[in-house]
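The structure appears below as structure tokens.
Here, each number is a calculation from the coordinates, and none is a lab measurement. Note that the structure is predicted; figures quoted are calculated from it, not measured.
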Amino acid sequence: MATLTLDRVWINRLDTGEAVAAYSGRDRPQTYQADGDVETFAGGRQRAVTIEGEQGTVSLTLRQVPLATVVLLRSWKGLPVQVRDHRGQSWAGVFFTVTPSELTETNWYDVAITVRTVTVAEGV
């Protein structure tokens, strides 16, 4: 019986399907928030006013990637992508910053990106 071990993160462009796969750090913090505020109404009453929808971010670090991958990710800034991790979690979004860190005595880089989620239709 064969065993399949998934241990990477995949990033695909939504328009072309072009892909990047790399090992990822264990920490992939996620943040989800709603826009809103507390407003004062008549008689000094305080009420929460929120805007429908959710804003999310997913931060990840791609480990030990070559310079060609760094250059490719830099060219994808501002383009819609899908990120999928080894657990099957999936996020559609866009990133605007690519932060490469050169590893000592190698030609490899660790690359940090933060994906801001966007709404996409996943069906017919």
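Tabulated data
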| item | result |
| --- | --- |
| Two-decimal ratio, the chain, of alpha-carbon radius of gyration to 2.2 N^0.38 Å | 1.36 |
| Cα shape, segment 73-124, gyration tensor, a/c 1.5 rule | prolate |
| GNM flexibility winner over the chain from G56, G44, G88 (Cα, springs under 10 Å) | G44 |
| Residue with peak Gaussian network fluctuation, the chain [Cα springs, cutoff 10 Å], from G93, G17, G25 | G17 |
